[in-house]
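A short worksheet on the structure shown next.
The values are calculated or read from the model by the stated rules, or taken from the named source; none is laboratory data. Model, not experiment: these values are computed from the prediction. Note: ideal-geometry Cβ built from the backbone for every residue, glycine included; neighbour counts use all protein chains shown.
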Amino acid sequence: DGGITQSPKYLFRKEGQNVTLSCEQNLNHDAMYWYRQDPGQGLRLIYYSQIVNDFQKGDIAEGYSVSREKKESFPLTVTSAQKNPTAFYLCASKWGGVTGELFFGEGSRLTVL
Amino acid sequence: GQNIDQPTEMTATEGAIVQINCTYQTSGFNGLFWYQQHAGEAPTFLSYNVLDGLEEKGRFSSFLSRSKGYSYLLLKELQMKDSASYLCAVWSSASKIIFGSGTRLSIRP
């Protein structure tokens, strides 16, 4: 089945550690996105990528990094520079044309101890 | 700047109709999405509007006015399972998709 796979689903991290969240899609979508969601809040855009080897900062990129070496993969690294990384992280993808919905993975919940 | 506004919370009665409004100011406009999100889960797609007017899909309808920077989601024949957050999102220029803060809808019997 086509879809977006995020892993791990739950992750615990000590302060000062970098962690990488995986996002893989087999929908052949051009565009991919990372969002952060805090309790009771909406989704805030971290990074997005329209094509391979290209990505842009969203509204809250500080303390995060991404890569887009393959069309199907868009991993997110939460670095130690991110002051408050505990959150629910959602990866999404979309066909690059003028129509089409944004498909979401099931999310990764990161807790910093 | 870019801004998307929606009410924080709404309450409605089972079987009734509720309208959730969304206003936006963005650089460029390629379309507007509505998503439903239950607590702890990923959002699920409800609708996408790119042209002005009303799009109906079963119990859910979505309206767009590009000139007014305004959209609404209309939910009819409310059911208890419709208790969720409803997210408005705008696809602005250069593939950027930004979300509002969401509207938490509570349905009472």
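Look through B:54, B:78 and report the one residue that is outside any loop (DSSP other than H, G, I, E, B) and either closer than 26 Å to residue A:3 by Cα or not aromatic (Phe, Trp, Tyr) (or both).
Just one listed residue meets the conditions, B:54.
Tell me whether the stretch A:31-38 contains one or more residues that are within 14 Å of another protein chain (Cβ to nearest Cβ) and touching a helix residue (DSSP H, G or I) at 6+ places or on another chain (Cβ under 6 Å).
The answer is yes; a qualifying residue exists.
Could you please find all residues in the stretch A:65-101 being assigned to a strand (DSSP E or B) and within 18 Å of residue A:12 (Cβ to Cβ)?
Here is the first cut: in the stretch A:65-101, the residues assigned to a strand (DSSP E or B) are A:65-66, A:70, A:73, A:76-78, A:87-94.
A:76, A:77, A:78, A:87, A:88, A:89 - these are the residues of the stretch A:65-101 that are assigned to a strand (DSSP E or B) and within 18 Å of residue A:12 (Cβ to Cβ).
Name the single residue, out of those in the stretch B:83-109 being surrounded by fewer than 19 Cβ atoms within 10 Å (Cβ to Cβ) and over 16 Å from residue A:99 (Cα atoms), that is nearest to the other protein chains (Cβ to nearest Cβ).
B:101
Do we find a residue being out of contact with any Leu (no Cβ under 6 Å at 6 or more places or on another chain) and within 13 Å of chain B (Cβ to nearest Cβ) anywhere in the stretch A:79-86?
Checked against the condition, which is being out of contact with any Leu (no Cβ under 6 Å at 6 or more places or on another chain) and within 13 Å of chain B (Cβ to nearest Cβ), the stretch A:79-86 yields no hits at all.
Determine which member of the set A:50, A:56, A:41, A:6 is assigned to a strand (DSSP E or B), surrounded by 13 or more Cβ atoms within 10 Å (Cβ to Cβ), within 11 Å of chain B (Cβ to nearest Cβ) and at pLDDT below 95. Talk me through it step by step, then tell me what you get.
Details: A:56 fails: at pLDDT below 95; A:41 fails: assigned to a strand (DSSP E or B); A:6 fails: at pLDDT below 95.
Of the residues listed, the single one that is assigned to a strand (DSSP E or B), surrounded by 13 or more Cβ atoms within 10 Å (Cβ to Cβ), within 11 Å of chain B (Cβ to nearest Cβ) and at pLDDT below 95 is A:50.
Is the stretch A:9-27 home to any residue that is at pLDDT 95 or above, part of a loop (DSSP other than H, G, I, E, B) and within 12 Å of another protein chain (Cβ to nearest Cβ)?
Scanning the stretch A:9-27 turns up at least one residue that is at pLDDT 95 or above, part of a loop (DSSP other than H, G, I, E, B) and within 12 Å of another protein chain (Cβ to nearest Cβ).
Here's the yes/no breakdown for (1) surrounded by 14 or more Cβ atoms within 10 Å (Cβ to Cβ); (2) among the hydroxyl-bearing types (Ser, Thr, Tyr); (3) touching a Gly at 6+ places or on another chain (Cβ under 7 Å):
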position	(1), (2), (3)
A:46	yes, no, yes
A:60	yes, no, no
A:63	yes, no, no
A:71	yes, no, no
A:86	yes, yes, no
A:91	yes, no, yes
A:94	yes, no, yes
A:99	no, yes, no
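Would it be correct to say that residue B:62 is outside any loop (DSSP other than H, G, I, E, B), touching a Cys at 6+ places or on another chain (Cβ under 7 Å) and either modelled with pLDDT of 95 or more or not hydrophobic (A, V, I, L, M, F, W, C) (or both)?
No; evaluated as a whole, the condition is false for this residue.
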